[in-house]
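> Please see the structure below; I have some questions.
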């Protein structure tokens with residue numbers, strides 16, 4: 001077997017190893033497990049979770065009731081109030097053209113969850129402090145045990161910040177306008193794992 005063939009086979013093995021394995025991507029969130037307090041102190045919103053709510057009967061903060069990991073998680077609650085909301089968000093620097101993923105785990109201890117959930121990414125320009133675009137809301141409801149959610153989107157031109165939001169609301173036809181949701185172990189990062197198509201393209205190019 002020639003040295004060239006041995007070299008090609010070695011590179012082939014390495015590329016296949018990259019394709020099979022999915023290395024963990026860097027998590028760009030600060031306080032991804034909600035172990036540190038949610039804040040309500042205004043900008044800047046990079047490096048911490050900022051809470052928001054509609055006032056009496058709604059809230060967003062840390063809790064230690066049933067965290068998925070660690071000592072705490074996020075607790076969002078609305079207590080029988082119509083047209084109310086509560087949630088958290090965090091700003092993360094991004095680069096236009098990147099495919100980004102927002103994922104995490106959520107659950108509800110409420111026997112009947114009478115509120116809606118919303119997960120989204122708002123693309124913003126830091127210089128002008130304006131929104132450039134946003135993903136559609138992901139509204140997959142949590143269940144009685146921790147289940148995973150995932151939302152992805154490509155950073156549009158003109159955006160250099162991602163405002164990542166998880167919220168609950170009672171603007172829709174919910175039966176009771178009442179319930180609580182727990183969120184833990186969230187992730188935000190670039191979906192940079194090589195695809196099979198890209199890997200095989202690189203392999204075929206070795207034979208040209």
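> Pull out all pairs, ordered by first then second residue, where Cβ-Cβ is under 9 Å, the residues are six or more apart or on different chains, the first lies in region 168-189 and is without any contact (Cβ under 8 Å) to a residue 60 or more places away in the chain, and the second is not in a strand (DSSP E or B).
From residues that are without any contact (Cβ under 8 Å) to a residue 60 or more places away in the chain, the pairs are 172/115.
> Further question on the same structure: Given (1) buried (at least 18 other Cβ atoms within 10 Å of the Cβ); (2) assigned to a strand (DSSP E or B), identify the lone condition not met by residue 133.
Of (1) buried (at least 18 other Cβ atoms within 10 Å of the Cβ); (2) assigned to a strand (DSSP E or B), only one is false for residue 133: (1).
> Would you point out which residue out of 41, 91 is more than 18 Å from residue 171 (Cβ to Cβ) and crowded, with 18+ Cβ neighbours inside 10 Å?
91
Laboratory data are not the source of any read-out in this text; all were calculated from the coordinates shown. Because the structure is a prediction, the values reported are computed rather than measured. Using ideal geometry, Cβ is built from the backbone for each residue, glycine included, and neighbour counts are taken over all protein chains shown.
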